[in-house]
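The values are calculated or read from the model by the stated rules, or taken from the named source; none is laboratory data. None of the values given here were measured: they were computed from a predicted structure. Don't worry about glycine lacking a Cβ; one is built from the backbone with ideal geometry, like all the others, and counts go over all protein chains shown. Side chains are part of the model used for accessible areas, which takes the heavy atoms of the whole protein and leaves out ligands, DNA and RNA. Shrake-Rupley method; radii C 1.70, N 1.55, O 1.52, S 1.80 Å.
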Amino acid sequence: MSNLSPINRYHKRYLELKSNLSISSNSEIVLDLIQQKPTELNNFFMSGLGLSTLLLRLGAVIQLSAKLNDGNQENDALFMKQVLDNLRETLPSDTNWKNLWSAAVVNGSVWEAVSITPKGGQSLLDRFVTFRNKFVHQFIQIKEEDVINLTKAIQIFEEMELLVSLFEDSEIKSIKGKFYFIQNNSQIELYPFVQKGEKDDLPYLFQGLYENKKQAKLINTHFGNEEPQDSEINLEPSFKPLRDSLQGGAGQVFDFSERINYYRACFVGREIEQKTIIDWCKSETESNILPIFSPAGMGKGALIANTIATLQEVKIPVLYQFCGSGMQNSLHATLYHFILQGKRNQWWSEEDETIKRKLYRLPSKYIDVIHLFQDLLTNHFKNPRSNTSNNLIIVIDALDEAAVAYPSLYLSDWFKTYNDKDEPEEDWQSPNFVKWVLTYRKTDGEKGYSLPFYNKTQEISILQPLLGLSESALDVALQPFNVSEDFKTEVLNKGKILI
C-alpha cells in the first residue's frame with residue numbers, strides 16, 4: 001500500500017472490492033460473478049479503472065514535470081512537440097497521458113518498464129488504455145459473451161496495481177502555494193499540472209483544455225470532483241515557451257555549437273579526409289550517400305564537426321545532427337531538427353499554403369513528418385544565392401547510437417512512401433542535389449549500422465573504414481610545438497591511434 005494519500009484512497013477501495021468478490025483472473029470465477037453479482041463486478045471494474053487511471057495520469061505528470069523542470073530542454077524538440085500535441089492541441093485522454101509517459105520517461109528508470117513494447121505485443125500502458133477505451137464506450141460489457149475480455153482485464157489491473165510501488169515513501173506536498181512530488185530526497189515541482197482547489201487545499205490534476213482552449217479543467221485527486229479555470233492564468237504561460245522554441249527554429253532546441261567547437265579543437269591530421277568529403281559534397285555525382293564508418297575512437301565526430309564548420313564557411317548549406325544521449329537519439333526527432341534548421345535558415349519555400357501551415361504546426365505522426373521532409377527536399381528547397389555548390393548536405397553522425405536507443409525506427413523509413421494505413425508502398429528517391437553523409441561504428445567482423453540502400457552509395461577507401469591518425473600526420477600536427485619523440489609515442493599510445 002502506498003502512503004501517497006490520493007493513490008491510497010483508490011487502492012484501498014480496489015482491494016476491498018477485490019477481496020469481497022474473491023476475484024482472480026480465472027474465467028470460470030469471472031463468469032460466475034457475471035451471472036450472480038454483475039453490479040458488484042461492475043463496481044470492481046470501475047474501481048480498477050479509477051486506480052489505474054490515477055496511476056497513469058499522475059505518473060505521467062510527475063515524469064513530465066521532472067523533464068520540463070530539469071533546466072535542460074536542449075535537443076528536446078520532439079518532446080516539446082509531444083507535450084503541445086497531447087495536452088494543448090487535443091483534449092487529453094488516457095492515450096495522451098500514455099504518450100507523455102513514454103515521451104518523458106528516463107531510460108533505465110523504474111518508470112520505464114511499463115512503457116516498453118515487447119516484440120510482437122503491447123506495453124502494459126497500451127493494454128490498459130485499449131481496454132479502458134473499449135469498456136468506457138461499452139464495446140466490452142459485464143456480459144457472458146465478454147468473459148474472456150473481462151478476465152484479461154483483471155490481469156491488466158493486477159499488473160497496473162504493481163505500479164503503486166512506484167509511489168512508495170512519497171508525498172505530494174504544498175510548498176509556498178505549489179505542489180511538489182517528494183520521494184527519496186528528490187523534489188519535483190508539479191505546477192501547473194497539479195494545483196490547489198479554489199475552496200480546499202487538496203491537489204487537483206489537470207484534465208484538459210475546453211471551450212476552444214479557453215477553459216482548463218482540473219479534477220480532485222481525492223474525490224473526483226472537477227473544477228474549471230481560466231487557461232490563460234496557469235496553463236498557457238507554461239505552454240508559451242514550448243511553442244516559442246518550436247516556432248523560433250532549431251537554434252533554440254537543437255544547439256550543437258559547443259560540441260562542434262569542442263571537436264574542432266581536437267581536429268588534427270585529417271586534412272586529406274576532410275578535403276575528400278568537401279570535394280564530394282561539391283560534386284555532381286549521382287552517388288549521393290557517403291557512409292563513413294570505423295571502430296570507436298577513430299575521430300569520426302571530430303572529422304564531421306570540422307567538416308560541418310567548413311561547409312558553412314564555404315557557403316554550402318548543411319543540415320546536421322549528432323546522435324547521442326537524450327531525445328536527439330530518435331530519428332523522429334532528427335526529422336524535426338532538419339525541418340526546423342531549414343526553416344530557421346529560410347531554405348524552405350512557403351509559397352504553398354499547405355506547406356506554410358505544416359511548417360507552422362509540424363505534424364506529430366512519424367510517417368507524416370517523413371512525407372513532409374520528402375516534400376520539402378523534392379519540391380520546396382529554396383537554394384540560397386550564396387550556395388557555392390547548388391547542393392544541400394545532410395549529415396547524421398553516430399547512426400548506430402540512434403539505432404540502439406530507438407530500434408523500431410530505421411533510416412530506410414525515410415526512403416519510402418506510405419499509404420493511409422502507414423504501410424510502405426514504394427521507394428522514395430532522394431534528389432541528386434541532396435547529399436547524405438552518414439557516420440556509424442563498425443569493426444572488422446561486426447555488422448555495424450546497415451544502410452538500407454546501396455544503389456547510390458559512394459565508395460571512398462580512406463573513409464570506409466576511417467583509420468586512426470597516422471604517425472606522419474601526427475608529426476605534422478605537433479611540429480609547431482617541438483615535442484619529443486617520447487611525447488609523440490605517448491600520444492599515440494594514450495589515444496589508441498593506429499599506426
Order of 98-104, 348-354 by packing, highest average Cβ count within 10 Å first?
98-104, 348-354
If you project the alpha carbons of the range 359-399 onto the principal axes, what extent comes out on each, in Å, largest first?
35, 28, 16
I'd like to know how the range 296-367 sits against the 2.2 N^0.38 Å rule of thumb: what's its Cα Rg over that expected value?
1.33
Please report the orientation-averaged projected area of the range 154-259, defined via the convex hull of its C-alpha atoms, in nm².
11.0
Where Lys and Arg each count +1 and Asp and Glu each count -1, what net charge lies around GLU425 among other residues with Cβ under 14 Å from its Cβ?
-4
Any idea what the dipole of the range 260-394 comes to, in debye rounded to 20, about its Cα centre with Lys/Arg Cβ at +1 and Asp/Glu Cβ at -1?
400
Take the eigenvalues of the Cα gyration tensor for the range 92-223, scale each by 5, and report the square roots as semi-axes in whole Å, largest first.
29, 21, 15
Calc'd 3J(HN,Hα), the range 302-307, phi into Karplus 6.51 cos²θ - 1.76 cosθ + 1.60 (θ = phi - 60°), Hz, glycine/Pro = x, comes to 5, 4, 5, 4, 5, 5
Averaged over all viewing directions, the convex hull of the alpha carbons in the range 21-66 casts a projected area in nm² of 3.6
Under-5 Å amide H pairs with VAL437, H placed in peptide plane, nonlocal only
LEU290, ILE394, VAL395, ILE396
Sort 43-55, 184-196 by packing, meaning the average of other beta carbons within 10 Å per residue, with the highest value first.
43-55, 184-196
Residues of the range 164-202 with backbone N under 16 Å of the label point set 7 Å from the Cα of ASN220 along Cα→Cβ are 195-202
Per residue value of the accessible surface for the range 96-248 (all protein chains in place, 1.4 Å probe), Å²
52
Relative contact order in percent for the chain (Cα pairs under 8 Å, 6+ apart) equals 15
³J(HN,Hα), Karplus 6.51/-1.76/1.60, whole Hz, each residue of the range 350-355, x for Gly, Pro:
10, 5, 6, 4, 5, 5
Based on Cβ point charges of +1 for Lys and Arg and -1 for Asp and Glu, what charge dipole magnitude is obtained for the range 345-401 about its Cα centre, in debye rounded to the nearest 20?
280
Go ahead and estimate [θ] at 222 nm for the chain from helices alone: -39,500 (n - 2.57) per DSSP H run with n ≥ 4, summed, over the residue count, rounded to 500.
-14000 deg cm²/dmol
Counting each pair of different Cα atoms once, what's the Kirkwood radius of the range 320-419 in Å, rounded to one decimal?
14.3
If every Lys and Arg gets +1 and every Asp and Glu gets -1 at its Cβ, then about the Cα centre the range 101-176 yields a dipole, in debye to the nearest 20, of 300
Going residue by residue through the range 46-61, the Karplus relation 6.51 cos²θ - 1.76 cosθ + 1.60 with θ = phi - 60° gives ³J(HN,Hα) values, rounded to whole Hz and with x marking Gly or Pro, of 5, 5, x, 5, x, 5, 5, 5, 5, 4, 5, 6, 5, x, 5, 5
Per principal axis, descending, Cα span of the range 1-158 in whole Å
57, 34, 29
Nonlocal amide H pairs with PHE179, under 5 Å, H built at 1.01 Å:
LEU190, TYR191
Rounded to the nearest percent, how much of the accessible area of the range 3-158 (1.4 Å probe, protein heavy atoms only) is carbon and sulfur?
47
Specify which labelled value, from (i) 149; (ii) 197; (iii) 212, agrees with volume of the Cα convex hull per residue in Å³ derived from the coordinates of the model shown.
(ii)
Other residues with Cβ under 14 Å from the Cβ of GLU350 give, with Lys and Arg +1 and Asp and Glu -1, a net charge of +3
How would you rank 57-63, 175-181, 423-429, highest first, on the average number of other Cβ atoms within 10 Å across their residues?
57-63, 175-181, 423-429
In nm, give the distance between the simple-model label positions of ASN482 and ASP279, each being 7 Å from the Cα along the Cα-to-Cβ direction.
3.5
Restricting the count to DSSP beta bridges whose residues both fall in the chain, what percent are antiparallel, rounded to a multiple of 5?
65
